[in-house]
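Trainee: Starting off with a structure, shown below.
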Amino acid sequence: RAFNFNAGPAALPLEVLERAQAELVDYKGTGMSIMEMSHRGAVYESVHNEAQERLLSLLGNPKGYKVLFLQGGASTQFAMIPMNFLSAGVTGSYVNTGSWAKKAISEAKIIGETHIAASGESSKFMKLPSLSEIEIAENAAYLHMTSNETIEGTQFKDFPDTGNTPLIVDMSSDILSRPLDMNKFDMIYAGAQKNLGPSGVTVVIAKEEMLTGSPKTIPSMLRYDTFLGNNSLYNTPPSFGIYLMNEVLKWIEEQGGLVQVEKANEKKAGSIYQVIDESQGFYRGCVDAEDRSRMNVTFRLADEALEKEFIKQSEKEGFIGIKGHRSVGGLRASIYNAVPYESVKALTDFMKEFQKING
Ligand code: PLP
């Protein structure tokens with residue numbers, strides 16, 4: 001298997017792929033693949049419900065929360081959130097942390113009024129605003145945050161107490177990477193293709209009251225209450241993706257749940273940051289140390305001209321996806337849950353060797 005450091009779609013656990021392969025043609029003696037079955041049948045529905053239950057169970061079964069499966073990626077949530085929650089006289093308050101936060105803000109601007117509650121722009125998003133800097137608008141319908149900026153490589157370690165204002169968080173690139181106290185959040189959402197499964201499924205986990213009473217002026221497929229009222233089976237769901245997600249969730253349970261997953265992620269990220277920090281300036285982490293992401297490690301070479309060579313050599317050695325996002329350049333190793341420590345060890349060995357030869 002390749003050393004896969006892609007930012008998304010990203011590595012899936014090998015065990016999950018192998019199990020799916022074994023069940024691909026004949027799902028549990030039905031003579032059909034799960035992707036060939038009716039989404040209204042009992043076999044698929046039990047997988048669908050199991051995936052919802054597993055998600056909530058991994059999050060500690062918070063009371064009053066529901067899971068929705070949608071399509072259109074996290075990008076569609078950037079629009080659905082303001083469509084469902086903004087109306088005349090209220091504003092969407094946003095923490096601007098970089099590339100993905102900016103996309104969420106620009107979509108909301110199309111729909112209604114927006115407000116910037118805090119911004120990391122002055123540091124070129126290499127530092128996150130502190131929680132105490134966040135000033136929620138008085139007429140805010142919600143505060144929106146991005147827990148992990150996939151491109152810049154920043155990650156919030158904690159979240160603010162927003163009082164009566166609902167907190168909505170885009171967790172596309174770090175959902176289920178650590179234990180979460182769901183009670184802090186009114187709604188979280190994520191495209192599946194990093195920590196949850198293949199692309200094509202979007203997960204929304206929210207307090208039930210967030211998902212009722214969507215404005216009647218918006219089309220059915222863009223209303224949260226359509227999905228809530230029909231257990232995400234209003235239309236054909238991405239059934240194979242949901243099946244694979246259920247398998248990924250089983251795999252997380254087998255790892256020992258989110259406490260163990262977090263430990264593994266800490267070890268992986270820590271070992272790359274250590275090589276960077278001990279390189280005497282040969283490598284440089286892009287982000288302020290306290291805001292560094294455990295999912296996307298962004299770094300540069302002091303000699304930026306050498307970066308091309310680093311990427312070329314890394315590809316030759318079988319490392320995939322080390323090139324930074326085209327909008328920021330540099331280097332990035334995305335180390336989501338399914339990236340094994342062995343891949344990270346191979347990368348840190350490569351980094352040390354590259355420094356020895358070129359330093
Ligand atoms: N939000 C974050 C933090 C992301 O990393 C991404 C994708 O990389 C998105 C949103 C957009 O997700 P999608 O491609 O599922 O629309």
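Trainee: Within region 120-162, which GluC sites (Glu not before Pro) sit in a loop by DSSP and count at most 16 neighbouring Cβ atoms inside 10 Å? Show your work: numbers first, answer last.
Mentor: On the way: sites: 121, 133, 135, 138, 149, 152; in loops: 135, 138, 152.
Of the GluC sites (Glu not before Pro), the ones in loops of region 120-162 whose Cβ has at most 16 other Cβ atoms within 10 Å are 135, 138.
Trainee: Using the Cα centre of region 1-89 as origin and beta-carbon charges of +1 (Lys, Arg) and -1 (Asp, Glu), tell me which of 6, 43, 20 is placed farthest towards the positive end of the dipole.
Mentor: 6
Trainee: Using the per-residue mean of other Cβ atoms lying within 10 Å as a proxy for protection, in what order, highest first, do the peptides 218-224, 240-246 fall?
Mentor: Working: 218-224: 16.0, 240-246: 24.3.
Put in order of decreasing packing, that is 240-246, 218-224.
Trainee: With a ≥ b ≥ c taken as the square roots of the eigenvalues of the C-alpha gyration tensor of region 261-359, please select rounded if a/c is under 1.5 and otherwise prolate if a/b is larger than b/c or oblate if it is not? Display every interim value, and only then the final one.
Mentor: Values: a/c = 1.43, a/b = 1.30, b/c = 1.10.
Cα axes put region 261-359 in the rounded bin.
Trainee: Do you know the relative contact order of region 257-358, to the nearest whole percent, from alpha carbon pairs under 8 angstrom that are 6+ apart?
Mentor: Working: 113 pairs, mean separation 29.4, N = 102.
Computed value for region 257-358: 29 percent relative contact order.
Trainee: Ok, one more. Assuming 0.36 nm per residue, please report the length gained on full extension of the stretch residue 130 to residue 216 beyond their Cα-Cα distance.
Mentor: Working: separation 86, 0.36 × 86 = 30.96 nm, distance 3.76 nm.
Extra length from residue 130 to residue 216 when fully extended: 27.2 nm.
Trainee: Taking 7 Å along the Cα-to-C-beta vector as the label spot, tell me the residue 326-residue 2 distance in nanometres, rounded to one decimal.
Mentor: Between residue 326 and residue 2, the label points sit 1.7 nm apart.
Trainee: Next question. Among the trypsin sites (Lys or Arg not before Pro) in region 128-212, which ones are in a DSSP loop with at most 14 other Cβ atoms within 10 Å of the Cβ? Mind listing them?
Mentor: 157
Trainee: So how strong a dipole does the chain carry about its Cα centre when Lys and Arg Cβ are +1 and Asp and Glu Cβ are -1, to the nearest 20 debye? Kindly include the intermediate steps, with their values, before the conclusion.
Mentor: Working: 36 positive and 44 negative charges, 103 e Å.
Charge dipole of the chain: 500 debye, to the nearest 20.
Trainee: Now a separate question. Determine the relative contact order of the chain: mean sequence separation of Cα pairs under 8 Å and six or more apart, normalised by residue count, in whole percent. Kindly include the intermediate steps, with their values, before the conclusion.
Mentor: Working: 661 pairs, mean separation 78.9, N = 359.
Normalised by residue count, the contact order of the chain is 22 percent.
Trainee: Exposure proxy check: 181, 225, 291 ranked by fewest other beta carbons within 10 Å? Intermediate results must be reported in sequence, preceding the final value.
Mentor: Values: 181 11, 225 16, 291 22.
Going from sparsest to densest Cβ surroundings: 181, 225, 291.
Trainee: While we're on this one: For the chain, give the share of DSSP beta bridges that are antiparallel, in percent and rounded to the nearest 5; count only bridges with both residues there.
Mentor: Details: 22 of 41 bridges.
Bridges in the chain are about 55 percent antiparallel.
Trainee: Can you give me the Cα centroid spacing of region 177-213 and region 1-36 in angstrom?
Mentor: Centre-to-centre distance over Cα atoms comes out at 22 Å.
Trainee: Once each part is reduced to its C-alpha centroid, what is the distance from region 298-321 to region 64-110 in angstrom?
Mentor: First find each Cα centre; the distance between them is then 35 Å.
Trainee: Here is a further query. So what is the 222 nm mean residue ellipticity for the chain from helices alone, if each DSSP H run of at least 4 adds -39500 (n - 2.57) and you divide by all residues, rounding to the nearest 500 deg cm²/dmol?
Mentor: Working: 9 runs with 123 residues, N = 359.
Computed ellipticity for the chain at 222 nm equals -11000 deg cm²/dmol.
Trainee: Round to the nearest 0.05 the FRET efficiency obtained for residue 49 and residue 316 when R0 = 35 Å and r is the Cβ-Cβ distance.
Mentor: On the way: r = 46 Å, r/R0 = 1.32.
That gives a FRET efficiency of 0.15.
Trainee: Continuing with this model, one more query. Could you pull the Rg and Dmax for region 8-48, using just the Cα atoms, both in Å?
Mentor: Every Cα atom of region 8-48 included, Rg and Dmax give 11.8, 33 Å.
Trainee: Based on alpha-carbon centroids, what's the gap between region 38-62 and region 118-173 in Å, whole number please?
Mentor: 30 Å
Trainee: Which FRET efficiency value, to the nearest 0.05, is calculated for residue 18 and residue 345 with the Förster distance at 22 angstrom and r the Cβ-Cβ distance?
Mentor: In this case the efficiency is close to 0.50.
Trainee: Quick one: Kirkwood hydrodynamic radius for region 34-187, alpha-carbon pairs, angstrom, one decimal? Show your work: numbers first, answer last.
Mentor: Numbers: mean 1/r = 0.0596 Å⁻¹.
Result for region 34-187, one decimal place: 16.8 Å.
Trainee: How large are Rg and Dmax for the chain when only the alpha carbon atoms are used, in Å?
Mentor: 20.8, 64
Trainee: Between residue 161 and residue 121, what length comes free when the chain is fully extended (0.36 nm per residue of separation minus the Cα-Cα distance, one decimal in nm)?
Mentor: Numbers: separation 40, 0.36 × 40 = 14.40 nm, distance 2.27 nm.
Here the answer is 12.1 nm.
Trainee: What are the trypsin sites (Lys or Arg not before Pro) within region 259-359 that DSSP puts in a loop, where the Cβ has at most 14 other Cβ atoms within 10 Å?
Mentor: Details: sites: 263, 267, 268, 284, 292, 294, 300, 308, 312, 316, 323, 326, 332, 345, 352, 356; in loops: 294, 326.
For trypsin sites (Lys or Arg not before Pro) across region 259-359 that sit outside H, G, I, E and B with at most 14 neighbouring Cβ atoms in 10 Å, the list reads 326.
Each reported figure results from applying straightforward, stated rules to the coordinates on display, with no laboratory input. Remember, predicted model here, so these are calculated numbers, not experimental data. Neighbour counts are summed over all protein chains in view; Cβ atoms, including those assigned to glycine, are modelled from backbone coordinates with ideal geometry.
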